[in-house]
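Data first, discussion second: the structure below is written as structure tokens.
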Amino acid sequence: MKLLADENMPFVQELFGDWAEVETCPGRHITPEQLQDVDVLLVRSITRVDEALLAKAGRLSFVGTATIGCDHIDTALLERKGIGFASAPGCNKVAVGDYLLAALLRVAAHKGWQLEDRTLGIIGAGNTGSEVAGRARSLGMKVLLCDPPRAARDPADFVSFEQALSADIVSFHVPLSHNGGHPSWHLLDRRAIDGLSSEQVLINACRGEVWDNQALLQRQLGPAPLTLVMDVWEHEPEVLAALVPHVLLATPHIAGYSLEGKVRGTFALYRALCEQQGKEVAMTPEQLFPAPPVSSVALAQRPDQVLLERLVRLVYDIEQDDDAFRQALGQPGFFDRLRKDYLQRRELGSLQLRAAGTTFASLGFKA
């Protein structure tokens with residue numbers, strides 16, 4: 001069996017190497033010719049799996065994406081061709097929760113806010129949106145959930161898009177869709193952008209095309225700019241460079257790039273392929289994790305917001321990612337290079353905070 005995988009997927013050799021010939025390459029540059037003799041294709045969000053890519057894939061029997069979203073996969077095509085498919089729902093929701101917690105704390109420090117006095121609108125209440133909601137509630141924030149498909153089944157727990165856009169901070173966690181009952185392409189369009197208050201904060205850690213970046217740039221160049229946190233960008237790996245100086249935190253689509261999240265993604269595909277091939281699942285994700293650099297911190301009392309930000313930085317420093325992005329901006333291939341060479345990042349769950357009678361699991365730390 002020959003297996004081709006995105007080079008940014010960890011532990012592919014360890015999980016598949018004893019029963020497959022493993023080859024890796026840049027996910028954005030996989031060609032139809034490479035798939036001529038491939039049985040298994042493992043990708044991430046940057047690889048578009050469609051009719052053009054599979055034109056010469058005569059042996060392909062399984063496609064897996066180590067991501068939550070599947071908008072880059074023509075799943076109907078795979079079904080017609082009888083090609084097995086698996087994704088990794090929920091694999092990086094914890095990492096995105098960590099990213100959002102770090103971003104919220106940085107935004108609060110920047111604006112002089114106490115988060116417990118603020119509201120958070122969450123657009124999309126799936127795996128990642130729900131994870132973010134839990135973190136925000138643990139900070140004392142009021143959370144407004146907007147998810148029209150879910151609201152159709154249980155309207156009591158959700159608000160309208162317009163209501164969510166009225167929150168102090170609005171965070172987007174939707175898949176990219178152009179059609180259907182709830183398309184998300186340019187969900188945040190010029191009209192929505194123009195209706196926002198200059199005091200508001202917008203966060204995008206889902207798909208770049210959900211925001212109209214050109215319309216955002218025009219808003220930011222005007223007299224009442226917004227506070228922006230952007231992990232994803234329209235037309236990646238290209239970035240609207242003129243927008244970056246007007247963004248508080250800018251990162252290269254790495255919100256879900258924790259080591260644990262990546263391992264969960266690869267392992268979900270390993271488990272699915274084992275099932276398809278009738279093989280025993282011989283490993284666990286925990287066997288792949290190295291020891292964290294800091295595993296425990298003792299606290300005299302529950303931390304305030306300032307100390308909490310310092311504790312989060314012990315594990316994940318979001319400003320380090322922002323600095324790297326700004327320094328590399330404009331260099332050829334900088335976006336994909338930052339992703340490929342991304343430093344190993346652990347999740348907050350690798351750190352236990354110890355304080356008498358207090359647990360910090362709801363914020364993401366180890367119980």
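Hey, could you check region 17-57 for residues that are part of a helix (DSSP H, G or I) and within 25 Å of the chain's Cα centre (by Cα) and say which is surrounded by the most Cβ atoms within 10 Å (Cβ to Cβ)?
G27
What pairs can you find where one residue is in region 62-90 and farther than 16 Å from M9 by Cα and modelled with pLDDT of 95 or more, the other is assigned to a helix (DSSP H, G or I) and open to solvent by 10 Å² or more (accessible area, probe 1.4 Å), and their Cβ atoms are less than 7 Å apart, with a gap of 6+ or different chains?
F62/Q276; G84/Q276; F85/T75
Looking only at region 159-177, filter to residues that are over 25 Å from A255 (Cα atoms) and of a type outside the set (V, I, T); which one of those is most open to solvent (accessible area, probe 1.4 Å)?
Once the filter is applied, the top-ranked residue is E162.
Of everything in region 340-360, what is more than 19 Å from L100 (Cβ to Cβ), of a type outside the set (A, V, I, L, M) and either touching a residue at least 40 places away in the same chain (Cβ under 8 Å) or not in a loop (DSSP other than H, G, I, E, B) (or both)? Give them in sequence order.
Within region 340-360, K340, Q344, Q352, R354, T358 qualify.
Would you call G64 of a type outside the set (S, T, Y) and in contact with a Leu (Cβ under 8 Å, 6 or more places away or on another chain)?
Yes: the conditions hold for G64.
Quick one: V43 ticks every box in (1) at pLDDT 95 or above; (2) more than 18 Å from H253 (Cβ to Cβ) except a single one, so which number is it?
(2)
Scanning region 187-233 for residues that are of a type in the set (A, V, I, L, M) and in a strand (DSSP E or B), which turns out farthest from R106 (Cα to Cα)?
If we take residues in region 187-233 being of a type in the set (A, V, I, L, M) and in a strand (DSSP E or B), then L188 is farthest from R106 (Cα to Cα).
Take the residues in region 285-342 that are hydroxyl-bearing (S, T, Y) and farther than 20 Å from L248 by Cα; name whichever of them is most open to solvent (accessible area, probe 1.4 Å).
Here the residue is S295.
Could you tell me which of the residues A356, A361 is over 23 Å from the mean Cα position of the chain (by Cα), of a type in the set (A, V, I, L, M) and open to solvent by 40 Å² or more (accessible area, probe 1.4 Å)?
That would be A356, the only listed residue that is over 23 Å from the mean Cα position of the chain (by Cα), of a type in the set (A, V, I, L, M) and open to solvent by 40 Å² or more (accessible area, probe 1.4 Å).
Name the residue that is farthest from G129 (Cα to Cα), counting only residues in region 169-186 that are assigned to a loop (DSSP other than H, G, I, E, B) and among the aliphatic types (A, V, I, L, M).
Applying the filter and picking the extreme gives L176.
From the set of residues in region 239-251 that are under 18 Å from the mean Cα position of the chain (by Cα) and more than 18 Å from K111 (Cβ to Cβ), which is surrounded by the fewest Cβ atoms within 10 Å (Cβ to Cβ)?
V239
Take region 203-215 and flag every residue that is in contact with a strand residue (DSSP E or B) (Cβ under 9 Å, 6 or more places away or on another chain) and either open to solvent by 10 Å² or more (accessible area, probe 1.4 Å) or closer than 18 Å to H253 by Cα (or both).
Across region 203-215, the qualifying residues are I203, N204, A205, C206, R207, G208, V210, W211, D212, N213.
So G82 ticks every box in (1) of a type outside the set (A, V, I, L, M, F, W, C); (2) on the phi < 0 side of the Ramachandran plot; (3) surrounded by fewer than 21 Cβ atoms within 10 Å (Cβ to Cβ) but one. Which box is left unticked?
It fails just one condition, (2).
Inspect region 142-158 for any residue being in a loop (DSSP other than H, G, I, E, B), among the aliphatic types (A, V, I, L, M) and surrounded by fewer than 21 Cβ atoms within 10 Å (Cβ to Cβ) and give the result as yes or no.
no
When residues of region 184-202 are filtered for being surrounded by 18 or more Cβ atoms within 10 Å (Cβ to Cβ) and in contact with a helix residue (DSSP H, G or I) (Cβ under 6 Å, 6 or more places away or on another chain), how many remain?
Adding up the residues that qualify gives 4.
Being at pLDDT below 95 and out of contact with any Pro (no Cβ under 6 Å at 6 or more places or on another chain) narrows it down to one of L288, L329, so name that one.
Residue meeting the stated conditions: L288.
The values are calculated or read from the model by the stated rules, or taken from the named source; none is laboratory data. From a predicted model like this one, the values you see are computed outputs, not experimental measurements. Cβ: placed from backbone, ideal geometry, glycine included. Neighbour counts: every protein chain shown. Calculation scope for accessible area: heavy atoms of the full protein, side chains included, ligands and nucleic acids excluded. Shrake-Rupley method; radii C 1.70, N 1.55, O 1.52, S 1.80 Å.
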